[in-house]
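Below is one structure, written out as structure tokens; the observations come after it.
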Amino acid sequence: VMNVVSNDPVQEKQGAGGITIGSYNLRQFTGMVNLPLSNTVAVRLAGSSVKRDGYINNGQDDNDAQGFRAKLLWKPSDAMSLLVGGEWTNLGGAGIGTVTSFITAPSASLAWVSTRSPYQSIQRKGYKVWAQFDADLGIGHLTALPAYQWLTNPKQALNNGGNNSIAPGWGGLAQKSIELRYGSRAESRVKWLVGAYTY
């Protein structure tokens, strides 16, 4: 299991950026800015974009992707906080390449072998919104985690090594989840936890 945790907003001004240039016409840009809006509210914005020509001479095995994430943190006191976030991702380009190679079979006949899956995704967009509410309630700590995400894939390219065609994709995919936890405080000598989760 891999858990990727992005940075949350903090109460100070921050900024960072990067540019990568490479072979196959690679151009990659990344950037981040963190701004405190008040003594209790801060926002953090991050984005990235990458474009690279394909490794195969027909343009496939390229890279064309963009992403953006925004987080807003409201922390009126040490005992309560609300974090709200959203993400947008776009994947495009020609997709994974298909290479056809010829081999001589034992029967001396020729057969072709595709070294890659023939279905290529050429358009895919993802969206995600989520929140995390934390509150210190007496003997325990309450956490609520709602999330909703959807993915669209309106069309695909099919390349079997001999010809190309455009076909409808699998449409869309939506996921909803919510988690509730109420557990002992960090300094408690007896550790306990109750909760519920639906997906």
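No lab work stands behind these numbers, since they all come straight from the coordinates. Model, not experiment: these values are computed from the prediction. In this analysis, Cβ positions are derived from the backbone assuming ideal geometry, glycine residues included, and neighbour counts consider all displayed protein chains.
In table form, for the structure just shown:
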item	result
Label point at N39 placed 7 Å out along Cα→Cβ; residues across region 80-97 whose backbone nitrogen lies under 18 Å	80-82
Long-range HN-HN contacts of I96 with modeled amide H, under 5 Å	D61, S121
Chain lengthening between T30 and S48 when straightened (0.36 nm per residue, less Cα-Cα)	6.1 nm
Taking only Cα atoms of region 57-97, radius of gyration then Dmax in Å	18.7, 58
Proximal charge balance of E87 [Cβ under 9 Å; K/R count +1, D/E count -1]	+2
Label zone at I178 (point 7 Å along Cα-to-Cβ), backbone N below 18 Å, region 52-74	none
Spin-label model distance (nm) - A147 vs N57, 7 Å beyond Cα toward Cβ	4.5
Extension gain from F68 to I19, taking 0.36 nm per residue of separation minus the Cα-Cα distance	16.0 nm
